[in-house]
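**Student:** Shown below is the structure under consideration.
The values are calculated or read from the model by the stated rules, or taken from the named source; none is laboratory data. Computed from a predicted structure; not experimentally measured. For neighbour counting, all protein chains shown are included, and Cβ atoms are generated from backbone atoms with ideal geometry for every residue, glycine included. Surface accessibility is based on the protein's heavy atoms, side chains included, excluding ligands, DNA and RNA. Shrake-Rupley method; radii C 1.70, N 1.55, O 1.52, S 1.80 Å.
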Amino acid sequence: MVRRGLILQATYRIERDRPVVQLWGKLESGESFLVRDDRQRPHFFILCRDEERARELGATALLATPRLDLQGQELRRVEVAKPSEVPALRERLVAAGIPCLEADVRFAMRYLIDRQIKGALLIHGEPRPRGVDNPGRVGLVFDNPEVEPATAKPHLTVLSIDIETDPRTNRLLSIALAGEGTGEVLLLARPAGSSPGEVAPAGARLLATEAELVRAFVRRIQEIDPDVVTGWNVIGFDLAFLERRAQAHGIPFEIGRGPGEMLLTSGRDRASEGSYDHATIPGRVVLDGMRLLRGAFIRMESYSLDFVSRKVLGTGKTISGHDRVAEILRNFREDREAFVRYNLRDAELVLEILERLDLLALTVERTLLTGMPPDRVSASVASFDFLYLSELSRRGLAAPSVGSFEAESDSFGGTVLAPEPGLHDNVLVFDFKSLYPSIIRTFEIDPLGYLGSGPGRFDDAVIAPNGAAFRRRKGILSDLLDHLFERREAAKERGDKVASQAIKILMNSFYGVLGTPVCRFYNPKLAAAITSFGREILLWSKALVESQGHAVLYGDTDSLFVLSGASDPAAARARGAELAAFLNAELERHVRATWGVESRLELELERLYLRLLFPRKRSGEGGAMKHYVGLTEESGVIFTGMEVVRRDWTDLARQTQRELYERFFSGRAIEDYLFETVERLRAGGYDPLLVYRKALRKELEDYTAATPPHVAAARKLKAEPGALIDYVITCNGPEPAAERSSPLDYEHYVEKQIRPIATPILDLLGQRFEKVIGDDTQLELF
């Protein structure tokens with residue numbers, strides 16, 4: 001019988017001194033599964049020429065292999081008994097000058113790479129019968145089955161959890177569980193009926209001690225048996241706290257489908273309490289809602305649950321505001337019904353956000369694209385590594401280990417053309433569709449095809465503007481991208497926005513990983529080759545546009561802002577369509593004539609701004625880079641890089657800026673509005689909108705050279721790194737917003753928040769800020 005399933009977790013265990021690959025997952029038929037395979041041997045590769053020296057250094061199991069390195073040299077396969085033996089042997093060999101290939105690939109991922117399995121598989125074989133060897137935590141167990149690549153999208157069961165603690169996070173008060181027909185709160189309280197008047201709130205189960213609370217949580221996880229555990233900062237806070245309390249009470253924190261307790265790890269060099277970013281639970285996957293949001297590149301001014309839920313769902317927590325902690329504690333003591341509603345609602349909000357934004361579906365799509373387990377799909381380097389190594393394996397090749405690729409230094413980055421400051425009408429925005437992936441496809445930029453750099457050294461090669469040379473034959477990256485482009489177009493045609501977004505994220509990551517030192521194919525020359533082609537193409541396109549009599553107002557990496565010269569929007573759009581067709585035809589001829597390759601580049605008319613403003617720099621000449629605001633017919637006023645879209649400006653600044661530009665573009669007067677805004681600010685009418693928010697990036701003691709305002713406020717709060725600091729500026733300097741003791745410094749906000757956003761518009765109107773707000777009392781004679 002053949003079964004199809006999605007892999008949730010790929011790991012291994014040592015059993016009877018032998019490594020056993022374990023693939024945990026969910027079948028399309030609905031059962032959970034575990035594939036166990038003890039036939040895989042940990043291995044890596046060395047060059048044949050180093051065989052004898054390797055034996056002398058302890059590499060006793062050297063086998064013949066058809067694999068070659070990237071230069072076509074023959075290899076030997078080095079096998080060891082356990083994955084833990086690889087690092088020490090690798091270090092001895094490398095220290096002796098023996099290169100080791102793919103000696104850092106994780107054991108379970110090696111199993112999948114060798115079998116070309118990306119996220120899902122077909123399982124050929126019969127599972128164990130239930131009984132002693134399969135006590136029932138996992139649905140079906142397969143021993144040494146034959147497996148092969150597949151696509152699978154089973155229904156995944158999701159449980160959202162949220163805990164409440166005392167203000168000092170010393171004691172657990174409650175645990176909310178929501179999802180899969182469950183909506184309950186495990187509450188620290190004397191059992192109903194144990195004392196007069198003690199009644200369990202609706203939806204709550206009362207537990208007399210913290211230890212009983214933890215034990216009840218472990219039991220409920222096993223009973224509900226979710227595939228996915230989620231929450232908001234669920235790893236760094238909820239699960240980390242529950243694990244600590246379980247340890248304190250001597251309770252095994254076994255909440256998985258197999259033996260073993262949860263393991264928390266951190267990708268950071270220094271893992272302090274609460275800094276964990278990965279949780280391993282046997283047979284289940286933990287997906288943090290906040291990390292899913294960030295990993296999908298969904299930008300928010302704040303990533304607090306209350307802010308995100310209000311932005312996405314239009315509703316938020318049942319308790320919010322600066323006195324939230326005190327109110328929660330009061331409810332725990334005096335209003336258990338309200339406390340339970342608050343706790344459960346937090347867990348429910350996470351589920352609703354994931355569903356509204358299709359974040360779980362997006363994660364599954366990315367798993368099937370990259371081969372990464374669902375909790376690692378945002379790891380762009382690991383995703384690239386898996387895909388590229390899989391293709392190398394299919395071609396009988398092996399890659400260097402991380403850090404051993406010889407890279408030549410180079411500089412790289414997107415090209416930005418200085419904007420033409422001022423107000424412009426009917427501006428066309430042309431955008432190169434997926435520019436960097438298209439450059440890779442067009443010019444065969446690829447680690448396998450890289451020949452080196454330097455003028456005149458290579459025959460019949462594609463030479464990038466930075467001097468990097470590439471073979472003309474089809475590369476692995478361009479082959480992968482060809483398939484991804486086809487899949488994305490098909491997804492768009494069938495209206496599958498989730499699949500389209502997943503593919504876009506993956507394609508756009510290819511450029512960045514080549515310039516990242518932690519990538520095994522790290523080579524700045526490759527990354528710079530991509531950006532140098534981008535610069536060449538952008539400047540060539542700019543010159544061609546100008547040759548047609550159009551002014552180019554601005555350019556940024558993959559886009560050009562062009563003055564249409566038309567007097568009305570309809571004529572501007574028609575001119576834009578004609579210009580796009582002309583540019584694409586000329587670009588195709590230029591690429592073929594210059595580099596002898598077929599162009600995969602495509603320029604499209606992305607947008608028409610009816611009016612577009614490029615502000616001047618606040619200091620110096622010219623326009624401010626990456627800052628503009630414009631009016632469109634479809635979306636109204638659009639801000640890019642302006643204060644209204646930045647978290648480190650106050651709500652008042654963002655609100656005022658948006659209103660000023662909407663008035664400006666619609667022809668409404670702004671002077672009276674600005675005067676009234678400043679007057680009300682000085683009268684205390686905007687106090688709730690004067691809070692700055694900025695994340696604390698380092699330990700407080702690491703700020704030595706200077707003390708930024710948010711750090712000064714953070715020191716009063718004794719905040720930890722990663723905390724989002726809410727602070728205000730008072731007459732006595734920065735203070736935490738929730739603990740302010742001094743009067744607000746309103747003139748600071750007038751000068752540092754209102755003036756900067758009003759000045760660009762007032763300059764266009766020939767007005768001075770002081771005069772408009774009533775501070776300039778000088779008599780103007782002329």
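**Student:** With the checklist (1) outside any helix (DSSP H, G or I); (2) open to solvent by less than 10 Å² (accessible area, probe 1.4 Å) in hand, flag the one item residue 499 doesn't pass.
**Tutor:** Only one criterion in (1) outside any helix (DSSP H, G or I); (2) open to solvent by less than 10 Å² (accessible area, probe 1.4 Å) is unmet by residue 499, namely (1).
**Student:** Still on this structure, please answer the following. Hey, among the residues in segment 62-81 that are polar (S, T, N, Q) and at pLDDT 95 or above, which one's surrounded by the most Cβ atoms within 10 Å (Cβ to Cβ)? Talk me through it step by step, then tell me what you get.
**Tutor:** To start, the set of residues in segment 62-81 that are polar (S, T, N, Q) comprises 65, 71, 73.
Add one more test, that the residue is at pLDDT 95 or above, and what stays is 65, 73.
Details: 65: 16, 73: 11.
For segment 62-81, the residue satisfying everything is 65.
**Student:** In segment 82-113, what count of residues is obtained for those that are touching a residue at least 60 places away in the same chain (Cβ under 8 Å), assigned to a helix (DSSP H, G or I) and open to solvent by less than 50 Å² (accessible area, probe 1.4 Å)?
**Tutor:** 8
**Student:** Just one of (1) surrounded by fewer than 19 Cβ atoms within 10 Å (Cβ to Cβ); (2) assigned to a strand (DSSP E or B) trips up residue 164, so point out which.
**Tutor:** (1)
**Student:** A further question follows. Please enumerate the residues belonging to segment 41-67 that are of a type outside the set (Ser, Thr, Tyr) and part of a strand (DSSP E or B). Steps first, please.
**Tutor:** First pass over segment 41-67, keeping only residues of a type outside the set (Ser, Thr, Tyr): 41-59, 61-64, 66-67.
43, 44, 45, 46, 47, 61, 62, 63, 64, 66, 67, listed by residue number.
**Student:** Which of the residues belonging to segment 307-325 are without any contact (Cβ under 8 Å) to a residue 40 or more places away in the chain and in a helix (DSSP H, G or I)?
**Tutor:** Within segment 307-325, the subset without any contact (Cβ under 8 Å) to a residue 40 or more places away in the chain is 307, 310-311, 314-321, 324.
Matches in segment 307-325: 307, 310, 311, 324.
**Student:** Considering only residues that are of a type in the set (Val, Ile, Thr) and under 25 Å from residue 12 (Cα atoms), look in segment 265-307 and name the one that is modelled with the lowest pLDDT.
**Tutor:** Our first condition is that a residue be of a type in the set (Val, Ile, Thr); within segment 265-307, this holds for 265, 280-281, 285-286, 298.
Narrowing the set further to residues that are under 25 Å from residue 12 (Cα atoms) leaves 265, 280-281, 285-286.
On the way: 265: 89, 280: 95, 281: 96, 285: 97, 286: 97.
This residue is 265.
**Student:** If residue 654 meets every condition in (1) in contact with a Gly (Cβ under 8 Å, 6 or more places away or on another chain); (2) open to solvent by less than 30 Å² (accessible area, probe 1.4 Å) apart from one, which number is that one?
**Tutor:** Only one criterion in (1) in contact with a Gly (Cβ under 8 Å, 6 or more places away or on another chain); (2) open to solvent by less than 30 Å² (accessible area, probe 1.4 Å) is unmet by residue 654, namely (1).
**Student:** Can you tell me which residue in segment 231-260 is surrounded by the most Cβ atoms within 10 Å (Cβ to Cβ), limited to those that are under 28 Å from the mean Cα position of the chain (by Cα) and under 20 Å from residue 138 (Cβ atoms)?
**Tutor:** Checking each candidate, the answer is 255.
**Student:** Now, a different point. Go through the residues of segment 704-721 one by one and say whether even a single one is of a type in the set (Asp, Glu), touching a residue at least 12 places away in the same chain (Cβ under 8 Å) and open to solvent by 70 Å² or more (accessible area, probe 1.4 Å). Outline the logic, then answer.
**Tutor:** Of the residues in segment 704-721, the ones of a type in the set (Asp, Glu) are 720.
Filter once more, keeping what is touching a residue at least 12 places away in the same chain (Cβ under 8 Å): 720.
Right, trim to open to solvent by 70 Å² or more (accessible area, probe 1.4 Å) and you get 720.
Looking through segment 704-721, at least one residue is of a type in the set (Asp, Glu), touching a residue at least 12 places away in the same chain (Cβ under 8 Å) and open to solvent by 70 Å² or more (accessible area, probe 1.4 Å).
**Student:** Under the condition of being touching a residue at least 40 places away in the same chain (Cβ under 8 Å) and farther than 25 Å from residue 156 by Cα, which residue from segment 19-39 is least open to solvent (accessible area, probe 1.4 Å)?
**Tutor:** The residue in question is 19.
**Student:** Go through segment 368-392 and count every residue that is in a helix (DSSP H, G or I), touching a strand residue (DSSP E or B) at 6+ places or on another chain (Cβ under 7 Å) and open to solvent by less than 30 Å² (accessible area, probe 1.4 Å).
**Tutor:** First, the residues of segment 368-392 that are in a helix (DSSP H, G or I): 368-370, 374-376, 380-392.
Imposing the further condition that a residue be touching a strand residue (DSSP E or B) at 6+ places or on another chain (Cβ under 7 Å) reduces the set to 368, 374-375.
Then drop every residue that is not open to solvent by less than 30 Å² (accessible area, probe 1.4 Å), which leaves 368, 374.
Final tally of qualifying residues: 2.
**Student:** Now, a different point. Go through (1) under 27 Å from residue 763 (Cα atoms); (2) free of Cβ contacts under 8 Å to residues at least 24 places away in the same chain; (3) in a helix (DSSP H, G or I); (4) not basic (Lys, Arg) one by one and return the number of the condition residue 678 breaks.
**Tutor:** All conditions pass for residue 678, except number (2).
**Student:** Residue pairs, Cβ under 6 Å, 6 or more apart or interchain, first in segment 467-492 and at pLDDT 90 or above, second open to solvent by 40 Å² or more (accessible area, probe 1.4 Å). List them.
**Tutor:** Within 6 Å, the pairs are 469/451; 469/458; 469/463.
Table: residues versus (1) in a loop (DSSP other than H, G, I, E, B); (2) free of Cβ contacts under 8 Å to residues at least 40 places away in the same chain.
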{"site": "153", "(1), (2)": "yes, no"}
{"site": "156", "(1), (2)": "yes, no"}
{"site": "177", "(1), (2)": "no, no"}
{"site": "184", "(1), (2)": "no, no"}
{"site": "199", "(1), (2)": "yes, yes"}
{"site": "213", "(1), (2)": "no, no"}
{"site": "230", "(1), (2)": "no, no"}
{"site": "239", "(1), (2)": "no, no"}
{"site": "242", "(1), (2)": "no, no"}
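**Student:** Let me ask another. Pairs only if they're at least six apart or on different chains, beta carbon under 7 angstrom, first in segment 417-444 and within 30 Å of residue 763 (Cα to Cα) and open to solvent by 30 Å² or more (accessible area, probe 1.4 Å), second modelled with pLDDT under 90 and not in a loop (DSSP other than H, G, I, E, B); list them, first residue then second.
**Tutor:** 418/623; 420/623; 423/764
**Student:** I'm trying to understand the selection: among the residues of segment 30-69, which are touching an Asp or Glu at 6+ places or on another chain (Cβ under 6 Å) and more than 23 Å from residue 94 (Cα to Cα)?
**Tutor:** 36
**Student:** Pick from 694, 626: which is of a type in the set (Lys, Arg), open to solvent by 30 Å² or more (accessible area, probe 1.4 Å) and either more than 24 Å from residue 556 (Cβ to Cβ) or without any contact (Cβ under 8 Å) to a residue 40 or more places away in the chain (or both)?
**Tutor:** Numbers: 626 fails: either more than 24 Å from residue 556 (Cβ to Cβ) or without any contact (Cβ under 8 Å) to a residue 40 or more places away in the chain (or both).
That would be 694, the only listed residue that is of a type in the set (Lys, Arg), open to solvent by 30 Å² or more (accessible area, probe 1.4 Å) and either more than 24 Å from residue 556 (Cβ to Cβ) or without any contact (Cβ under 8 Å) to a residue 40 or more places away in the chain (or both).
**Student:** Answer yes if at least one residue in segment 724-742 is surrounded by 14 or more Cβ atoms within 10 Å (Cβ to Cβ), in contact (Cβ under 8 Å) with a residue 40 or more places away in the chain and more than 14 Å from residue 694 (Cα to Cα), and no otherwise.
**Tutor:** So far as segment 724-742 goes, yes, one or more of its residues are surrounded by 14 or more Cβ atoms within 10 Å (Cβ to Cβ), in contact (Cβ under 8 Å) with a residue 40 or more places away in the chain and more than 14 Å from residue 694 (Cα to Cα).
**Student:** Can you confirm whether residue 461 is open to solvent by 10 Å² or more (accessible area, probe 1.4 Å) and aliphatic (A, V, I, L, M)? Working first, answer last.
**Tutor:** Working: open to solvent by 10 Å² or more (accessible area, probe 1.4 Å): yes; aliphatic (A, V, I, L, M): yes.
Yes; evaluated as a whole, the condition is true for this residue.
**Student:** Residues in segment 660-675 that are in contact (Cβ under 8 Å) with a residue 12 or more places away in the chain and over 15 Å from residue 753 (Cβ atoms): how many? Show your work before the answer.
**Tutor:** Step one: filter segment 660-675 for residues in contact (Cβ under 8 Å) with a residue 12 or more places away in the chain, giving 660-662, 664-665, 670-671, 673-675.
Filter once more, keeping what is over 15 Å from residue 753 (Cβ atoms): 661-662, 664-665, 670-671, 673, 675.
Adding up the residues that qualify gives 8.
**Student:** Turning to a different aspect of this structure: For segment 663-675, enumerate the residues that are part of a helix (DSSP H, G or I) and open to solvent by less than 60 Å² (accessible area, probe 1.4 Å).
**Tutor:** So in segment 663-675, the residues part of a helix (DSSP H, G or I) come out as 663-666, 671-675.
If the condition is that a residue be part of a helix (DSSP H, G or I) and open to solvent by less than 60 Å² (accessible area, probe 1.4 Å), then 663, 664, 665, 671, 673, 674 are the ones that fit.
**Student:** Looking at residue 58 and the list (1) within 22 Å of residue 18 (Cα to Cα); (2) open to solvent by less than 30 Å² (accessible area, probe 1.4 Å); (3) small (Gly, Ala, Ser), which single condition is not satisfied?
**Tutor:** Only one criterion in (1) within 22 Å of residue 18 (Cα to Cα); (2) open to solvent by less than 30 Å² (accessible area, probe 1.4 Å); (3) small (Gly, Ala, Ser) is unmet by residue 58, namely (2).
**Student:** Only one of these is open to solvent by 70 Å² or more (accessible area, probe 1.4 Å) and part of a loop (DSSP other than H, G, I, E, B): 606, 634, 588. Name it. Outline the logic, then answer.
**Tutor:** Numbers: 606 fails: part of a loop (DSSP other than H, G, I, E, B); 588 fails: part of a loop (DSSP other than H, G, I, E, B).
None of the others qualify; the one that does is 634.
**Student:** Tally up the residues in segment 609-622 that are open to solvent by less than 40 Å² (accessible area, probe 1.4 Å) and assigned to a strand (DSSP E or B), please. Quick ask: steps written out before the conclusion?
**Tutor:** Kept after step one, since they are open to solvent by less than 40 Å² (accessible area, probe 1.4 Å), are these residues of segment 609-622: 609-610, 612-615, 622.
Checking the rest, the ones that are also assigned to a strand (DSSP E or B) come to 609-610, 612-614.
Here the count works out to 5.
**Student:** Could I ask something else about it? Filter segment 181-200 for residues that are of a type outside the set (A, V, I, L, M) and modelled with pLDDT of 90 or more; which is most open to solvent (accessible area, probe 1.4 Å)? Spell out how you get there, then give the answer.
**Tutor:** Filtering segment 181-200 for residues of a type outside the set (A, V, I, L, M) gives 181-184, 190-191, 193-198.
Filter once more, so that each one left must be modelled with pLDDT of 90 or more: 181-184.
Numbers: 181: 91, 182: 24, 183: 41, 184: 39 Å².
If we take residues in segment 181-200 being of a type outside the set (A, V, I, L, M) and modelled with pLDDT of 90 or more, then 181 is most open to solvent (accessible area, probe 1.4 Å).
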